[in-house]
1. Taking a label point 7 Å out from Cα toward Cβ, give me the nm distances from B:Ser60 to the same spot in the other copies, shortest first, one decimal.
2. Averaged across D:129-139, how many Cβ atoms of other chains sit within 10 Å of each residue's Cβ atom?
3. If you count only protein heavy atoms and use a 1.4 Å probe, how large is the accessible surface of B:Ile194, to the nearest 10 Å²?
4. Which distance in nm do the two modelled labels at D:Arg179 and A:Asn16 give, with both placed 7 Å along the Cα-to-Cβ direction?
5. Kindly sort D:Met118, C:Met168 by accessible area of their heavy atoms, largest first, with the probe set to 1.4 Å.
6. Please give the total accessible area that chains A and B bury against each other, computed with a 1.4 Å probe and expressed in Å² to the nearest 100.
7. Go through region B:112-127 residue by residue and turn each phi into a ³J(HN,Hα) via Karplus (6.51, -1.76, 1.60, θ = phi - 60°); whole Hz please, and just put x for glycine and proline.
8. Counting only the heavy atoms of the protein chains, how much of D:Asp89 is accessible to a 1.4 Å probe, in Å² to the nearest 10?
Protein chains: 4
Amino acid sequence: MDELIEPATRRTPKGNTTREAIKLAAKRALAVDGFSNAKIADIMASVNRSPGAFYKYYPSKEALLHELLDEFRTRLKAEVNRPLNTRGDPLEHLKERLGAFWKIYRDDWPVATAAFQMSMADREFARAWHGVRQQGIRGMSSVIKLLQKEGYCAGLDSELIASALCSMLEYTGYNWTARAGDFPDRLIDDGAAIEVLTRLVLNGVRGGAAETTAASPADKEPGRDPARRRAKSERG
Amino acid sequence: MDELIEPATRRTPKGNTTREAIKLAAKRALAVDGFSNAKIADIMASVNRSPGAFYKYYPSKEALLHELLDEFRTRLKAEVNRPLNTRGDPLEHLKERLGAFWKIYRDDWPVATAAFQMSMADREFARAWHGVRQQGIRGMSSVIKLLQKEGYCAGLDSELIASALCSMLEYTGYNWTARAGDFPDRLIDDGAAIEVLTRLVLNGVRGGAAETTAASPADKEPGRDPARRRAKSERG
Amino acid sequence: MDELIEPATRRTPKGNTTREAIKLAAKRALAVDGFSNAKIADIMASVNRSPGAFYKYYPSKEALLHELLDEFRTRLKAEVNRPLNTRGDPLEHLKERLGAFWKIYRDDWPVATAAFQMSMADREFARAWHGVRQQGIRGMSSVIKLLQKEGYCAGLDSELIASALCSMLEYTGYNWTARAGDFPDRLIDDGAAIEVLTRLVLNGVRGGAAETTAASPADKEPGRDPARRRAKSERG
Amino acid sequence: MDELIEPATRRTPKGNTTREAIKLAAKRALAVDGFSNAKIADIMASVNRSPGAFYKYYPSKEALLHELLDEFRTRLKAEVNRPLNTRGDPLEHLKERLGAFWKIYRDDWPVATAAFQMSMADREFARAWHGVRQQGIRGMSSVIKLLQKEGYCAGLDSELIASALCSMLEYTGYNWTARAGDFPDRLIDDGAAIEVLTRLVLNGVRGGAAETTAASPADKEPGRDPARRRAKSERG
DNA sequence: TATGAATGAGAATTCATTCAT
DNA sequence: AATGAATGAATTCTCATTCAT
């Protein structure tokens, strides 16, 4: 299922090396130009191959992106399926997943971005990209649901929450990493990124049911937060 | 001042009508195909005009997007500059802004998405798009800073928070609205969207100073929180 | 014959004024851009008229150039037909004609240049332009023939001489006048231009028969020029 | 050094062949249609290639003309720099150069003509074309200056003379060669052309100082001019 | 098998000309 | 008479893909 594309050259080590080199070069090209602006000739040139050679490895430009996208999905899936090793604390689960997702999105935004673009014009990519998003959302919402069982963020649609959080992570992966992102003059390291994102999300998710309208400036004491109280009592 | 692009035709009512029709059609085309796949001929056909007529209004396809983007930026800016009418409660401010931003992003994701795509390949768009992002971030972070004065989300970089929240809003605007978004079979109305996003963000932002990494005042027993324990030990 | 084009609007003084204004503007546009790059819309704009109004005066862009060209030809023809008022000296005749041609070419190079360009791609213009060239050549060669009767430049084809001299005058008219000519930083006034051209041509034409090969370094004294001597003797 | 344009393909013999074929075909097309009317599709068709193939060799139609023009300039320059092998006789020098220029102009008028046309509308071509003209003028005026040291054509601006002579040669190259030139029914061979031009120029240049208009204040009596005297007496 | 020249289907763009107002 | 919006044919240029060598 995951390996839909099984092209001619896969066996020989040399072919495999070239194939991997092409994918690497393609990601770089994607990062710089986006999918439609990335040129096969350029990609192949940066691998010291002729443009024609590309078609030994992929039947089309789209197929290459499909393979990259599939690898991306596989990576996400592996994380989603990974047994969460923290004995039961859902907040810990969330934090773990968040960090893992962050790293995946941070590395693969060129592919994600390209797939996103293509998904708007191409039915096949729309389907594939949707699958990737779903992967992320499933992984996120499973943790959310655990939290909701504990009383966190009660009453909210876990799918929507998961979708919004994935959107944040994914797009932030781009905006804090890419040249053309929000902070061109600043290098945001993983530590800082993960800290901000984690605290934002942890709080966001942990919040109680009625907070939307209730919060008053006087309500400065977190300890009084009913959601947290509930969470505690449920755990205890 | 915001209208840097002053096209030839602005006078005659007929021309104005056509111009507006083109923009509307362009947004539709952008939503369906993305920028590079949107064809001028198609846009003009959907306005019952010949392809050549386009160039009475815009010198190029790019110029059209620049104008749409500028309008988007202007809309954001208007919201950012709007005096917040709730007598001082920063959480209320946040909620207001959030709802406003949501509506802007929900309506303008075709333009935002197109500009985002173009920003990767085109220097001029990179600059323009960055300006729009900054607009959003500025608006968001000004509210965040107010909150921080009140003691909320202490210690976090308000710019980073604002950037992440804008990313979430913007990309969610797409994912909950577009055909090819996360929930093709579901119509997510404004009420639901705003509620989820607002609660997520409100909580996220309201969280106490040191929740992720440190104990909250009420949380007397830090040792019991496994997440915090790990965070601590990793730092130490 | 000269007025092939007799369009609708010619009677009313207002129409005539506009018509003349169009021609003037067209010449300016021709000078700056050449024919194919000159835009009707621009020409009409510089006359404060709408593009559509052009077709009140001319059925096509080509027709305009044809009219300008025809006027040019008429001007040349008038000069060619003008009775030469210097009692008989053919050298004086040549000088007169030369000065007159210089002024015509200097003024009308935009039209000449445009017609020349068009003559390469368009059969109709080829014919018309050829007629203009012939006009010039005829005028020139008639004087040359007079000179040859007097023994000057014997043995040379007067048509070829005339053609070469017209080429020189015509193209020099451009190169010494136009912005993009040979001397952008220098204003060459009529006096200087006419002096150089006249002396060049007078000498060129006056020379004896066999000069081509004969000239020797020792032959520093023009009066002793063997070529001239030979020319004499050949005639004698 | 003269080859500023260094195209992508120069290596393979096949590519080189095509490249040269394109240039040849382009010159033909230029001769027939002029630059703006020459269509890339036609040029490529006459080389049995698809339109797209053109862009393997040149980034644009303009670039092609620039290369042709550069070759033209190089040819001129080679002639200008060629050591004149006739031991010192400036008239011989002039003759040599003239013949060489004639052949260059006769062969390259399609390029010259196209460049001339483009120079009016395009800044880059204006510059390039000006460079070519200067090349010719420099070559011509260097010989003129030699002659002036010997007392020929005294008092005249050698640059102007050179410019006028180049204009004559260049434009005559067209008018005596091209289909649409002055003598469509006549084939003017090199011998005849060179003879006429050479004698014209040699005489023109060799003429004495004050011949033009009898203009020197002291020279009240035109009859004192030896040349004129001769002319008169011959008539008488 | 690899190369890189060639293909060819499109897309953007231009502008003389038309025509409803 | 005039306007200026609209037309639409024509042309340049792009680039994924093919194929002869």
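The values are calculated or read from the model by the stated rules, or taken from the named source; none is laboratory data. Nothing here was measured: the structure is a model prediction, and the numbers come from that model. Neighbour counts are summed over all protein chains in view; Cβ atoms, including those assigned to glycine, are modelled from backbone coordinates with ideal geometry. Keep in mind that these areas ignore ligands, DNA and RNA; they rest on the heavy atoms of the full protein, side chains included. Shrake-Rupley method; radii C 1.70, N 1.55, O 1.52, S 1.80 Å.
1. Spacings between copies for this position, smallest first, are 1.1, 2.9, 3.3 nm.
2. Mean number of neighbouring Cβ atoms from other chains: 1.
3. Its accessible surface works out to 40 Å², give or take rounding.
4. 6.4
5. So the residues, ranked largest to smallest area, are D:Met118, C:Met168.
6. Counting both chains, the buried surface is close to 6200 Å².
7. Per-residue couplings from phi come out as 4, 4, 4, 5, 4, 4, 5, 4, 7, 10, 10, 4, 5, 5, 4, 4 Hz.
8. Probe radius 1.4 Å; accessible area of D:Asp89 about 10 Å².
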